[in-house]
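Worksheet for the structure shown next.
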Amino acid sequence: MGDVNRENQGRTSMSTPLVDGLTVSEAAGDDVKKTSRDQREALPGEPICVVCGRYGEYICDQTDSDICSLECKQTLLGRAADTHLPVGHPLPKRLAATDECFYVRDSESPLTSDQTELLRRKLEIHVKGDSVPDPILSFSSCNLPEKLLHNIQTLGYDMPTPIQMQGIAAALTGKSLLASADTGSGKTASFLVPVVSRCATFRHGNLSKSKKPLAMVLTPTRELCIQVEEQAKLLGKGLPFKTALVIGGDAMPRQLYRIQQGVELIVGTPGRLIDLLAKHDIELDDIMILVLDEVDCMLQQGFRDQVMQIFRALSQPQVLMYSATMSQEVEKMASSMAKDLIFVSIGQPNRPSKAVKQLAIWVESKQKKQKLFDILMSKQHFLPPSIVYVGSRIGADLLSNAITVTTGLKALSIHGEKSMKERREIMKSFLVGEVPLVVATGVLGRGVDLLGVRQVIVFDMPNCIKEYVHQIGRASRMGEDGTSIVFVNEENRNLFPDLVEVLKSSGAVIPRELVNSRYVKRSFPMGKGQRKRKYGS
Ligand code: AMP
């Protein structure tokens with residue numbers, strides 16, 4: 001078989017000896033790609049490698065097939081040898097073109113158990129459960145629909161993060177999962193990639209015309225739902241994968257209509273979903289995956305009954321549960337919801353992201369406002385865009401006004417009493433940089449990805465330490481450095497022991513008043529100048 005350079009495509013046939021007896025010619029002048037992983041994805045209309053599905057940049061001089069790299073050429077020739085066909089003979093009939101293009105095949109050799117252990121140790125991936133699969137090293141190694149892989153690349157996700165490496169591998173087995181990882185560590189994609197993959201694959205291979213939802217993601221806040229749905233849409237682009245957002249504050253008829261038209265995924269808050277289910281006949285019996293994002297919150301009183309009510313309406317789906325914070329109670333409840341659960345945790349659960357530098361300041365309640373203004377007016381200390389967390393809706397409104405009046409900075413408030421339209425507009429102007437500061441209640445505390453935010457000021461300490469961990473987590477995404485400032489005083493005494501633990505674990509300075517407080521068990525070393533006092537004195 002001679003060289004074949006296809007016209008108009010500038011492609012090269014592999015014919016000159018290079019490595020391992022393989023042949024290439026370098027007519028195009030570029031280095032020939034050695035492995036499938038070195039090759040990019042094919043753009044629409046471009047030839048596709050018959051082995052792995054990537055861009056078929058070359059033509060195999062022995063079989064005349066499109067291939068992407070030397071590695072795939074070798075595989076191709078090996079296959080021909082296995083089938084005892086003469087070199088150059090066309091390969092046995094392949095699957096229909098659509099099926100061939102739908103999947104990207106695994107081109108990685110599996111890790112040895114030593115390598116897996118080393119990788120997990122290095123990345124602080126802890127696993128528990130039966131037959132936990134090895135972490136994936138690349139998105140292209142787990143047989144995802146090709147369009148999904150393309151969308152992942154378009155989003156700029158070159159490599160899976162540790163929670164994605166282990167979480168995606170585990171979720172793709174079909175088993176249920178309880179996972180904990182830092183805020184901002186890529187948790188959303190770690191459940192959405194398997195969700196999109198399973199839904200699209202199911203629709204692709206299923207001839208039934210049914211368009212009943214196949215997956216459901218529940219989160220505690222509307223903002224988080226909006227964000228999850230947006231990411232799901234980006235990942236599912238071009239695939240049989242439609243989404244419906246079911247949250248309060250948006251018109252219910254529109255949400256209902258969308259579901260009735262046929263969707264693969266519903267993303268919603270439990271309250272609105274129950275409302276919808278109570279008033280309308282929505283068939284949920286095809287739901288095969290239920291995701292509980294921020295599961296510690298979802299299984300707390302307030303949400304738990306609603307979540308369980310929805311769970312009971314489903315027919316034993318795979319349950320994927322994620323959070324940055326975890327407790328034994330959550331583990332127990334999660335185990336009761338799903339058999340044969342895989343546990344995954346990255347780093348230390350319940351610890352704030354290491355990338356956030358924490359500063360705790362002792363401030364009496366009456367002085368908190370002035371202290372905040374001082375920070376906001378200091379070029380050194382105010383690092384916009386920033387979020388200030390407060391404890392109440394009215395507090396958010398009053399404080400944002402006071403900030404604007406006193407410092408001249410444009411500040412807006414965001415809380416549950418504002419309409420969804422208002423909340424969306426505020427978030428938009430914040431994220432595009434028109435507003436440097438947002439004063440928020442807990443609605444912005446969990447999971448919401450506030451790109452660009454590098455500073456969080458916790459003006460009112462929340463009621464539990466987990467909420468604090470979530471709030472300061474907003475200051476860092478994907479391990480980028482951020483800072484947080486928290487105001488503490490005697491009113492937060494019930495959280496002193498936990499707060500000290502969190503500050504201590506991050507190497508932050510602990511305020512003298514906190515060190516000396518009788519509400520803190522003295523188990524940490526005293527800094528210079530921090531006099532020892534008898535416990536309780
Ligand atoms: P999350 O923890 O899901 O809120 O994600 C935090 C941020 O990381 C988001 O902006 C994601 O778009 C981004 N992200 C998620 N996975 C990856 C990845 N593998 N590579 C780069 N960025 C990612």
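The values are calculated or read from the model by the stated rules, or taken from the named source; none is laboratory data. Quantities reported herein were computed from a predicted structural model and do not represent experimental measurements. Here the Cβ is made from the backbone with ideal geometry for all residues, glycine too, and neighbour counts use every protein chain on show.
Numbers for the structure displayed
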item: Selection status of residue 153, over 24 Å from residue 336 (Cβ atoms) and away from the ligand (no atom under 16 Å from the Cβ); result: no
item: Matching residues in segment 470-510 - criterion: being among the basic types (Lys, Arg) and under 25 Å from residue 384 (Cβ atoms); result: 474, 477
item: Hits in segment 374-396 - residues which are of a type in the set (D, E, K, R) and either closer than 15 Å to residue 435 by Cβ or in a loop (DSSP other than H, G, I, E, B) (or both); result: 379
item: Unique match (being in contact with a Lys or Arg (Cβ under 9 Å, 6 or more places away or on another chain), within 14 Å of the ligand (Cβ to nearest atom) and touching a residue at least 24 places away in the same chain (Cβ under 8 Å)) among 184, 174; result: 184
item: Residue, surrounded by the fewest Cβ atoms within 10 Å (Cβ to Cβ), within segment 414-440, restricted to residues that are more than 24 Å from residue 251 (Cβ to Cβ) and in contact with a helix residue (DSSP H, G or I) (Cβ under 7 Å, 6 or more places away or on another chain); result: 435
item: Every pair of residues 6+ apart whose Cβ atoms lie under 7 Å, when the first sits in segment 146-161 and is more than 16 Å from residue 233 (Cβ to Cβ) while the second is away from the ligand (no atom under 12 Å from the Cβ) and among the β-branched types (Val, Ile, Thr); result: 146/104; 149/104
item: Scope segment 475-507; condition over 27 Å from the mean Cα position of the chain (by Cα) and crowded, with 17+ Cβ neighbours inside 10 Å; matching residues; result: 487, 488, 489, 492, 495, 496, 500
item: Residue 142 being more than 12 Å from the ligand (Cβ to nearest atom) and either outside the structural domain of residue 267 (by TED's automatic domain parsing) or at pLDDT below 90 (or both); result: yes
item: Any hit, segment 397-407, residues being in a loop (DSSP other than H, G, I, E, B), modelled with pLDDT of 85 or more and more than 19 Å from residue 357 (Cα to Cα); result: no
item: From 51, 32, residue being modelled with pLDDT of 75 or more, touching a helix residue (DSSP H, G or I) at 6+ places or on another chain (Cβ under 6 Å), outside the structural domain of residue 154 (by TED's automatic domain parsing) and assigned to a loop (DSSP other than H, G, I, E, B); result: 51
item: Breaking point among (1) over 19 Å from residue 54 (Cα atoms); (2) loosely packed, with under 14 Cβ neighbours inside 10 Å; (3) within 13 Å of the ligand (Cβ to nearest atom); (4) among the aliphatic types (A, V, I, L, M), for residue 118; result: (3)
item: Inter-residue pairs, beta-carbon under 6 Å, first more than 17 Å from residue 139 (Cβ to Cβ) and in segment 37-50, second at pLDDT 75 or above, 6+ apart; result: 46/55; 47/56; 47/66; 48/56; 50/65; 50/66
item: Residues of segment 120-130 classified as part of a strand (DSSP E or B) and among the charged types (D, E, K, R), total; result: 1
item: Condition check for residue 252: more than 14 Å from the ligand (Cβ to nearest atom), under 22 Å from residue 420 (Cα atoms) and crowded, with 22+ Cβ neighbours inside 10 Å; result: no
item: Candidate set from segment 427-450 (those that are out of contact with any His (no Cβ under 9 Å at 6 or more places or on another chain) and at pLDDT 85 or above); member that is nearest to the ligand (Cβ to nearest atom); result: 438
item: Whichever residue in segment 214-226 is assigned to a helix (DSSP H, G or I) and not basic (Lys, Arg) and, among such residues, is nearest to the ligand (Cβ to nearest atom); result: 224
item: Condition broken by residue 242, with the remaining ones in (1) more than 16 Å from the ligand (Cβ to nearest atom); (2) buried (at least 18 other Cβ atoms within 10 Å of the Cβ); (3) farther than 21 Å from residue 152 by Cα satisfied; result: (3)
item: Single match in 469, 453 (criterion: surrounded by fewer than 24 Cβ atoms within 10 Å (Cβ to Cβ), modelled with pLDDT of 85 or more and within 16 Å of the ligand (Cβ to nearest atom)); result: 469
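This table checks each residue for (1) at pLDDT below 90; (2) of a type in the set (Asp, Glu).
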residue	(1), (2)
249	yes, no
270	no, no
281	yes, yes
324	yes, no
328	yes, no
339	yes, no
344	no, no
